Every structure is written in C-alpha cells, then in structure tokens.
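The values are calculated or read from the model by the stated rules, or taken from the named source; none is laboratory data. Bear in mind that the values here come from a model prediction, so they are computed numbers and not experimental data. Virtual Cβ from ideal backbone geometry, glycine too; neighbours counted across all protein chains shown. Keep in mind that these areas ignore ligands, DNA and RNA; they rest on the heavy atoms of the full protein, side chains included. Shrake-Rupley method; radii C 1.70, N 1.55, O 1.52, S 1.80 Å.
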Amino acid sequence: MTDVAPHLRLTLKGAQKILAAAIAKAEEMKVPQCITVVDDGGQMLAFARMDGSRVLSMDSSNAKARTAASNKTPTGQIEDPMGIKLAIAMQGRFVNLPGGLPIIVDGIVIGAVGVGSGTGAQDVEVAKAGLTALPGAKAW
C-alpha cells in the first residue's frame, strides 16, 4: 500500500453538465424533479428544484446523492431492515430510496447525483441521463 493515491475531482463545470442533462431528461419525461450533484465527500456542487417538484424532495435528492457518494453504490439496493437501521443510526443522513447514483470515472468515485420527486424508477432514469453528460463516467 502506498502513502498517496491519485485523486480525480468533479468540477463545478462537470456538475453543471450533469445537472443540465438530468433536467433535460426530466423535462422530456414531464416529471419535475429535485436534482443534487455532490463531490466525493458528499458536499453539494449543483442543485435544481424544478417547477412543480415536491418541496421535501430537496432533502431526499441531497440525501440520495450523499449516500451514493459515501457508499460508492446506487441507493435503493440495501435490503431492509438493514437500510432502515442505517437510516436511524445516521439520523436521516443515509437514505435507501432509489435515485442516487455514484459518479465513477476511471474506477474512482468522484461524486454522485441524487434525484427525487418522481417514482423510484423515474428518479433513477433521470440520474442515469445526467451521468451520460460526463465523458468517461460509468453508465449504470
């Protein structure tokens, strides 16, 4: 094991590309969404609450993005009751609802996108569309 490792970083420009592509997909689907893009530490880089989206989905999209970045895996895949226990232990900062996808480039998690306000399947579809805007990002 080495003392240092290379680190890729998601920039604001990259986050804005992801956000714009996700918004375009949500508009195409006619499903207004809250969309959050975070860096690898779960800190918000870009956010949009589309007209007509649910107010509380601002929090869930952020939590989905943070959870996906932290766990390095899509949200909604942890079996209950473990997912419920983790949500309680993390005081709501962990969420196991579908719609959070890690952003992986060259095998390194550089951030995540979280989407909320539609069905779980719609949220995932919008998140996937966002990732297509970032060259080299893993497709889910």
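Protein heavy-atom accessible surface, 1.4 Å probe, per residue over region 6-53: 55 Å². Highest-first packing order for the peptide set 79-87, 41-49, 110-118 is 110-118, 41-49, 79-87, based on the mean count of other beta carbon atoms within 10 Å. Mean projected area of the convex hull spanned by the Cα atoms of the chain, taken over all viewing directions: 8.7 nm².
The radius of gyration of the Cα set in region 23-89, together with its Dmax, comes out at 13.1, 38 angstrom. The simple Förster model, with R0 at 35 Å and r as the Cβ-Cβ distance, assigns Asp80 and Met44 a FRET efficiency of 0.80.
Think of it as helices only: each DSSP H run of n ≥ 4 in the chain is worth -39500 (n - 2.57), and spread over all residues that comes to -12000 deg cm²/dmol at 222 nm.
3J(HN,Hα) along region 7-13, derived from phi through the Karplus expression 6.51 cos²θ - 1.76 cosθ + 1.60 where θ = phi - 60°, amounts to 9, 8, 10, 6, 8, 4, 4 Hz, with x in place of Gly and Pro. For region 91-140 versus region 1-40, the inter-centroid distance based on Cα atoms is 8 Å. Of the residues Gln16, Gln77, Gln122, which exhibits the maximal mean-square fluctuation in a Gaussian network model of the chain defined by a 10 Å Cα contact cut-off? Among Gln16, Gln77, Gln122, the largest mean-square fluctuation in the Gaussian network model of the chain belongs to Gln77.
Placing a label point 7 Å from the Cα of Val105 along the Cα-to-Cβ direction, the residues of region 14-31 whose backbone N falls under 14 Å from that point are 14-19. Cross-linked pairs Lys72/Lys138; Lys13/Lys64; Lys30/Lys64; Lys13/Lys72; Lys30/Lys138; Lys64/Lys85: Cα-Cα separations exceed 19 Å for Lys13/Lys64; Lys30/Lys64; Lys13/Lys72; Lys30/Lys138. Shown for the chain: the carbon plus sulfur share of the solvent-accessible area, taken with all protein chains present and a 1.4 angstrom probe, equals 57%.
Which whole-number value in Å² is the accessible area per residue of region 55-133, probe 1.4 Å? Please list the in-between numbers first.
Details: 3690 Å² over 79 residues.
Here the residues of region 55-133 average 47 Å² of exposed surface.
Normalised by the number of residues in the chain, the average gap of Cα pairs under 8 Å and 6 or more apart makes the relative contact order 29 percent.
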